[in-house]
Amino acid sequence: MNHRLGLSGSTILSDPDQLSFLFERGLDHVEIGEFPDEASYRTFRQMTNDHHLESFGIHSPLIRGRSKYDLIEHVAMDPEQAREAFEQEVARLAEQGAAYVLVHFPYFSGTSTNPSQRIEEGLKFLHRLKETYALPIVCEPKLGRNRSDKGVEYLRQFPVELWKRYGLDICVDLGDYRMAAGEKWRAYVEPLLPFASVVHLHNVCYIEDKYFWIPLHPDKGKWNGAYDMEPMLQMLGEGRGKYFIFEHTPHVNPTPEEVDEGIRWVKDVLGGV
């Protein structure tokens, strides 16, 4: 196994004034998207060169305000328009050296008709892009509106052999899967292991009727409602090499020390990456 640890732009909400944070933790990979503008993306790329970053991945959309959820159904725009824009991103990033492009798929706002058929149709499109541009495309199943678990549930019901046919990688988001599957997470995650190439690392903190992404940390009692992520992390540490991406957000103001403690803890759980 050859796991790699990286930081997500979510830790700074892709704020161009805080990009240096992504290069100060001693990790060799960054996953980022939703830049506020093209100039910010160019600054980031220059910083990857200046810091000799080994690799970077892009979490689509590259620029904030573009489609995030529309590859299967209309959320903010028609799927045809969203797919055209996504293909343009993939073509561009293949030329610019991205290690992969990650996209929210499958995403369902709520209950859907013929979900397996719609997932397969989307996989055909993504497979074509992967083959055309020779760039790995990583699919991240997401919670829908009002924390709907339908996207995660529909993927669980989707035939594994069909997913294998199209050769797309999967991102497992620890927080989303624990929110969707609760203590049954193992039945949802284990079938995905042969396809998982990216793992999003964050826990969940509940404040009133809202939830926030918090760092993984050996003391999960620091935040209200945090899950015990160690068994899930251990499982995902098995098998093929993966990118493990720290993806908490700044909303609950984790300190740099807490972030660093979490990084050291994850390294230990994964066997000293």
Would you list, by chain and number, the lysines whose Cα falls below 26 Å from the Cα of LYS150, excluding same-chain residues fewer than 8 positions away? LYS68, LYS124, LYS130, LYS142, LYS164, LYS184, LYS210, LYS242
Here, THR111 and ARG128, labelled 7 Å along Cα→Cβ, have an inter-label distance in nm of 3.2
Using the charge dipole of the chain (Lys, Arg: +1 at Cβ; Asp, Glu: -1 at Cβ; taken about the Cα centre), state which of ALA134, GLN18, HIS217 has its Cα farthest towards the positive end. ALA134
In nm, give the distance between the simple-model label positions of ASP50 and ASP15, each being 7 Å from the Cα along the Cα-to-Cβ direction. 1.8
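Compute, for the stretch 1-107, the length of the dipole vector about the Cα centre, with Cβ point charges of +1 (Lys, Arg) and -1 (Asp, Glu) only. Units Debye, rounded to 20.
Numbers: 9 positive and 18 negative charges, 45 e Å.
Its charge dipole is roughly 220 debye.
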Computed over the Cα atoms, what is the radius of gyration of the chain divided by 2.2 N^0.38 Å, N being its residue count? 0.95
Using the heavy atoms of the protein chains alone and a 1.4 angstrom probe, what is the accessible area of the stretch 60-209 per residue in square angstrom? 43
Helical mean residue ellipticity (222 nm; -39500 (n - 2.57) per DSSP H run of 4+; nearest 500) of the chain: -11000 deg cm²/dmol
Share of Cα-Cα pairs in the stretch 160-273 beyond 24 Å, whole percent, is 25
Tell me, in nm to one decimal, what length is gained between GLU161 and ARG147 on full extension, where the rule is 0.36 nm per residue of separation less the Cα-Cα distance? 2.2 nm
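Can you give the net charge of the other residues whose Cβ lies under 11 Å from the Cβ of PRO254, counting K and R as +1 and D and E as -1? Show your work: numbers first, answer last.
Numbers: positive: LYS222; negative: GLU257, GLU258, ASP260, GLU261.
With Lys, Arg at +1 and Asp, Glu at -1, the net is -3.
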For the stretch 217-259, how big is Rg over Rh, using alpha carbon atoms and the Kirkwood form of Rh? 1.00
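With the Cα gyration tensor of the stretch 126-192 giving a ≥ b ≥ c as the square roots of its eigenvalues, does the rule (a/c under 1.5 for rounded; else a/b larger than b/c for prolate; else oblate) give rounded, prolate or oblate? Intermediate results must be reported in sequence, preceding the final value.
On the way: a/c = 2.34, a/b = 1.82, b/c = 1.28.
Cα axes put the stretch 126-192 in the prolate bin.
Evaluate E = 1/(1 + (r/R0)^6) for ARG186 and LYS210, where r is the Cβ-Cβ distance and R0 equals 30 Å; express this FRET efficiency to the nearest 0.05. The partial results should precede the final answer.
Working: r = 27 Å, r/R0 = 0.91.
In this case the efficiency is close to 0.65.
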So for each of 261-271, 100-110 I average, over its residues, the number of other beta carbons within 10 Å; can you give me the resulting order with the highest mean first? 100-110, 261-271
Among THR11, THR249, THR43: highest mean-square fluctuation, GNM of the chain, C-alpha pairs under 10 Å: THR43
The stretch 72-161: relative contact order from alpha carbon pairs under 8 Å, six or more residues apart, as a whole percent, is 35
Placing each pseudo-label 7 Å from Cα in the direction of the beta carbon, ARG25 and GLU121 end up separated by a distance in nanometres of 3.9
Relative contact order (%) - the stretch 92-250, alpha-carbon pairs under 8 angstrom, separation at least six: 19
A convex hull over the alpha carbons of the stretch 72-127 yields, per residue, a volume in Å³ of 83
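D for the stretch 22-63, whole µm²/s, Stokes-Einstein with Kirkwood Rh over alpha-carbon pairs at 10 °C and 1.306 mPa s: what number?
Numbers: Rh = 10.5 Å.
Rounded to a whole number, D works out at 151 µm²/s.
The values are calculated or read from the model by the stated rules, or taken from the named source; none is laboratory data. These numbers were taken from a predicted model, which means no experiment stands behind them. Because the Cβ atoms are built from the backbone with ideal geometry, glycine has one as well, and the counts that use them run over all protein chains shown. All accessible areas refer to the heavy atoms of the entire protein, side chains included, with ligands and DNA or RNA removed. Shrake-Rupley method; radii C 1.70, N 1.55, O 1.52, S 1.80 Å.
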